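Here's the structure we're looking at; comments come further down.
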Amino acid sequence: MNIMHQLCSRLTALSVMAGTLLTFTIASAAAQSELRFKGGIGVQPVSSGVAVSPTPATAPVVESVNRNIVRGVQPAGQIWVIDSLDAKVEGNHISVQGKGLVLGGGNNAGRATGQFVLATLICQAAVPFTENVTNLSGVPLSATGDFNIDGDLAPARPAICPSPMLLIRSAANLSWFAVGIFRP
């Protein structure tokens, strides 16, 4: 009888452990189904300069630079700033509210000049990257750089997103203007 009691106790313990693991797995999956981004950083098109020995032909030219490429996506050609960004991804649906996405340099600094933007979520930290994007036609920036994106991602995002990166991009050339700050 003692052996039967021990066997029942162990089976009960295993059952409780399996139930706890299943609950944890379901909770993790539910947490992954929602992603939040609060705040944003405007693009700096250049990430670093590379010293190049000048020659008479290259002396009047600026030194070489490394472009600020994020997960395979090219930066915009000019500095951009953003006042605020709030984004939520639930399953395959994304909603993004941005304010003050305007040029930070050049002759139109402080203005949005008729651009259309879209959102891209990238979940992979290393290549190959899958770009989960909203409608490629984008939404217009207001004169003050405000925008609202509300739609589904295509292709559908993976159930698990180990390294979420949200980019706000130009619908015209798909360069990135701003990146969302992930809030786990």
Report the FRET efficiency, 1/(1 + (r/R0)^6), for residue 136 and residue 92, where r is their Cβ-Cβ distance and R0 is 22 Å, rounded to 0.05. 0.85
Label 7 Å along Cα→Cβ of residue 38; segment 78-96 residues with amide nitrogen under 20 Å? 82-91, 94-96
What are the semi-axes of the equivalent ellipsoid for segment 70-184, taken as the square roots of 5 times the Cα gyration tensor eigenvalues, largest first, in whole Å? 23, 15, 12
Which of the peptides 160-170, 98-108 is most tightly packed, and how do the rest follow, going by the mean number of other Cβ atoms within 10 Å of each residue? 160-170, 98-108
Starting from the Cα of residue 46, step 7 Å along the direction of its Cβ; do the same at residue 159; then give the gap between the two resulting points in nm. 4.7 nm
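Rule-based calculations on the coordinates, nothing more; no lab input. It should be emphasised that the depicted structure is a prediction, and the values quoted were computed from it without experimental measurement. For neighbour counting, all protein chains shown are included, and Cβ atoms are generated from backbone atoms with ideal geometry for every residue, glycine included.
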